[in-house]
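Report on the following structure.
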Amino acid sequence: MAELPKNDIADLALAQQGKTRIEWADWSMPVLRQIRDRFAVERPFEGAKIAACMHVTTETANLMRALAAGGAQLALCASNPLSTQDDTAAALVAEYGIPTFARNGVDRDGYYAHINAALDGAPHYVFDDGCDLVNTLHTTRTEVLPGIRGGCEETTTGVIRLRQMTKDGALRFPMVAVNDTDTKHMFDNRYGTGQSTLDAIFRATNTLLAGKTVVVAGYGYCGRGVSSRAKGLGANVIVTEIDPTKALDAAMDGFRVLPMIEAAAIGDVFITVTGNRDVLRREHFEAMKEGAIFANSGHFDIEIDIVALSELAVAGPRRVRHQTDEYVLADGRRLLLLAEGRLVNLGAAEGHPAAVMDMSFADQALTAEWLTKNWQSLAPGVHDVPVEIDKEVARLKLETMGLAIDVLTPAQEAYLNSWEHGS
Ligand SMILES: NC(=O)c1ccc[n+]([C@@H]2O[C@H](COP(=O)([O-])OP(=O)(O)OC[C@H]3O[C@@H](n4cnc5c(N)ncnc54)[C@H](O)[C@@H]3O)[C@@H](O)[C@H]2O)c1
């Protein structure tokens, strides 16, 4: 048997199971597969070292396979302690020869030890999901910084942190905001988070949503996806917001808009997707009904104030079902927190369906290829993905779905490029 690459994973014996699941996901990722086949011929990453900090799921494994086919030397660590699929990690190491540092349920020290292990290989490019790897590079691993040419960021929260770093003059290399492509956030954040967040709530609690009141905090792309899917299942959906335009959007989409303190007393199920902190806090827990369920699908585990919940509770947390912890308040009311307040769709389910990650990771793969050719002309800071990549991913996805669209006639094209015609 060939020597295994460097790794820190839970159980190598899970490799075959992981490979079967990675191949299953691959089946729903035809765009990424096409890119992988081209990369295998053109080898755009020959000689390049890439460190990726991402959710270690079957879909990410297929992104790693595409980059490896293109000649990249990879190191993968997890971007969340609960999202790692241990069988996927085992397969990456044993079946695909990719150095992987990820174990499900690892503590904070273990989480950062894995990020550091991925950086030990002195990468040229970084892939981040939430900005923890880039943050580590700029704080405790600055000796690795000079070799970094650039990177890609996958999620809204990471892009916000990177823009803040740029504003403070702290970011030392170009980062491309893959999250901001239309083919990422319009589909992954909306349909991916929408479906997988509810999937996670069902797997954890088996609750019936029809007829229940679901409170969604945040009406961005993720919140819109969660709200519309919950409505489709027969729930009465309340939206809470802090942005007047987003609140108006929710109201005109037919949702009831309330401040959280009012929604808290009515809701049966609460879902936070704001990217902000303390969205559910002490005064909200105090107002909640017996049996209220709450889950977070925003990036970090700070949207639900778990410290306040623990202080308020007289008993708990007690694990009562898969990723479901019961807290009991002084008057006997039971409140149910899912996935310890971490990204529920990755903690209690499998994350987004592969078919939607096909687009996000096609964006990642093509952006990484573009970065290898253009990094020298990019200043430190946050950059957009070229629109041609975004359109190409949409075009390829439509093609694989068997859908065709119209093309402009010459007269239409001329009309759209003119200003002379009026009423
Ligand atoms: N679960 C997943 O798999 C997944 C996938 C994509 C993104 N995300 C994460 O989900 C979060 C939201 O992403 P998005 O793309 O929808 O962002 P977004 O910026 O489009 O939307 C966030 C919304 O939350 C609102 N908000 C902020 N603070 C609030 C508060 N205290 N109460 C109510 N509303 C508040 C904002 O006004 C905004 O409309 C981010 O942390 C992102 O990284 C998670």
Criterion first (at pLDDT below 95, out of contact with any Asp or Glu (no Cβ under 7 Å at 6 or more places or on another chain), of a type outside the set (A, V, I, L, M) and surrounded by fewer than 20 Cβ atoms within 10 Å (Cβ to Cβ)) does Glu42 satisfy it? no
Test Glu262 against the criterion of being more than 15 Å from the ligand (Cβ to nearest atom), in a helix (DSSP H, G or I) and outside the structural domain of Gly158 (by the TED database), and give yes or no. no
Considering only segment 97-109, I want to know if a residue exists there that is open to solvent by 20 Å² or more (accessible area, probe 1.4 Å) and within 16 Å of the ligand (Cβ to nearest atom). no
Hits in segment 402-423 (condition: of a type outside the set (S, T, N, Q), modelled with pLDDT of 95 or more and exposed (fewer than 10 other Cβ atoms within 10 Å of the Cβ)): Gly402, Leu403, Ala404, Ile405, Asp406, Val407, Pro410, Ala411, Leu416
Can you find, within segment 318-353, the residue that is surrounded by the most Cβ atoms within 10 Å (Cβ to Cβ) among those that are of a type in the set (Asp, Glu) and touching a residue at least 40 places away in the same chain (Cβ under 8 Å)? Glu350
Residues of segment 8-30 satisfying the condition of being open to solvent by 60 Å² or more (accessible area, probe 1.4 Å) and touching a residue at least 24 places away in the same chain (Cβ under 8 Å): Asp11, Leu12, Ala13, Gln16, Gln17, Arg21, Trp24, Trp27
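Does segment 380-398 contain at least one residue that is of a type in the set (Gly, Ala, Ser) and more than 18 Å from the chain's Cα centre (by Cα)? If you could, list the steps in order and put the result at the bottom.
Here is the first cut: in segment 380-398, the residues of a type in the set (Gly, Ala, Ser) are 381, 394.
Adding the requirement that they be more than 18 Å from the chain's Cα centre (by Cα) leaves 381, 394.
Checked against the condition, which is being of a type in the set (Gly, Ala, Ser) and more than 18 Å from the chain's Cα centre (by Cα), segment 380-398 yields at least one hit.
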Boolean, Val239 is within 9 Å of the ligand (Cβ to nearest atom), in contact with a Ser or Thr (Cβ under 8 Å, 6 or more places away or on another chain) and at pLDDT 95 or above: yes
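Go over the candidates Met175, Met165, Met186 one by one and state the one that is crowded, with 21+ Cβ neighbours inside 10 Å and of a type in the set (A, V, I, L, M, F, W, C).
Working: Met165 fails: crowded, with 21+ Cβ neighbours inside 10 Å; Met186 fails: crowded, with 21+ Cβ neighbours inside 10 Å.
Residue meeting the stated conditions: Met175.
Here's a check for you: in segment 376-401, which residue that is small (Gly, Ala, Ser) and either open to solvent by less than 50 Å² (accessible area, probe 1.4 Å) or in a helix (DSSP H, G or I) (or both) is farthest from Gly169 (Cα to Cα)?
The first filter runs over segment 376-401 and keeps only residues small (Gly, Ala, Ser), leaving 377, 379, 381, 394.
In the following step, the residues that additionally are either open to solvent by less than 50 Å² (accessible area, probe 1.4 Å) or in a helix (DSSP H, G or I) (or both) were identified as 377, 381, 394.
Working: Ser377: 18, Gly381: 9, Ala394: 34 Å.
Residue satisfying both the conditions and the ranking: Ala394.
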Kindly provide the set of residues from segment 279-291 that are more than 28 Å from Thr156 (Cα to Cα) and assigned to a loop (DSSP other than H, G, I, E, B), ordered by number. Met288, Lys289, Glu290, Gly291
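Residues are listed down the side, and each one gets a yes or a no for (1) open to solvent by less than 80 Å² (accessible area, probe 1.4 Å); (2) more than 16 Å from the ligand (Cβ to nearest atom); (3) closer than 25 Å to Gly158 by Cβ; (4) not in a loop (DSSP other than H, G, I, E, B):
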position: Val226; (1), (2), (3), (4): yes, no, yes, yes
position: Arg229; (1), (2), (3), (4): no, no, yes, yes
position: Gly234; (1), (2), (3), (4): yes, yes, no, no
position: Leu248; (1), (2), (3), (4): no, no, no, yes
position: Phe270; (1), (2), (3), (4): yes, no, yes, yes
position: Arg277; (1), (2), (3), (4): no, no, yes, no
position: Phe294; (1), (2), (3), (4): yes, no, yes, yes
position: Leu309; (1), (2), (3), (4): yes, yes, no, yes
So which residues in segment 281-292 are among the hydrophobic types (A, V, I, L, M, F, W, C) and open to solvent by 10 Å² or more (accessible area, probe 1.4 Å), if there are any at all? Ala287
Does Ala69 satisfy being of a type in the set (Gly, Ala, Ser), in the same structural domain as Ala117 (by the TED database) and under 14 Å from Pro5 (Cβ atoms)? no
Flagged in segment 210-224 as under 20 Å from Gly351 (Cβ atoms), open to solvent by 10 Å² or more (accessible area, probe 1.4 Å) and either more than 9 Å from the ligand (Cβ to nearest atom) or assigned to a helix (DSSP H, G or I) (or both), in numbering order, are Tyr221, Cys222, Arg224
Could you please give the count of residues in segment 146-158 that are in a helix (DSSP H, G or I), open to solvent by 10 Å² or more (accessible area, probe 1.4 Å) and within 12 Å of the ligand (Cβ to nearest atom)? 2
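Please pick out the residue among Thr372, Thr400 that is in contact with a His (Cβ under 9 Å, 6 or more places away or on another chain), in contact (Cβ under 8 Å) with a residue 12 or more places away in the chain and of a type in the set (Val, Ile, Thr). Step through it out loud before you land on a result.
Details: Thr400 fails: in contact with a His (Cβ under 9 Å, 6 or more places away or on another chain).
Exactly one residue qualifies, and that residue is Thr372.
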Single condition Thr60 does not satisfy, out of (1) assigned to a loop (DSSP other than H, G, I, E, B); (2) among the hydroxyl-bearing types (Ser, Thr, Tyr); (3) at pLDDT 95 or above: (1)
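The values are calculated or read from the model by the stated rules, or taken from the named source; none is laboratory data. Keep in mind that what you see is a predicted model, and the values were worked out from it rather than measured. Every residue, glycine as well, gets a Cβ built from its backbone with ideal geometry; the counts of neighbours run over all protein chains shown. Surface areas here come from the heavy atoms of the whole protein model, side chains and all, with no ligands, DNA or RNA. Shrake-Rupley method; radii C 1.70, N 1.55, O 1.52, S 1.80 Å.
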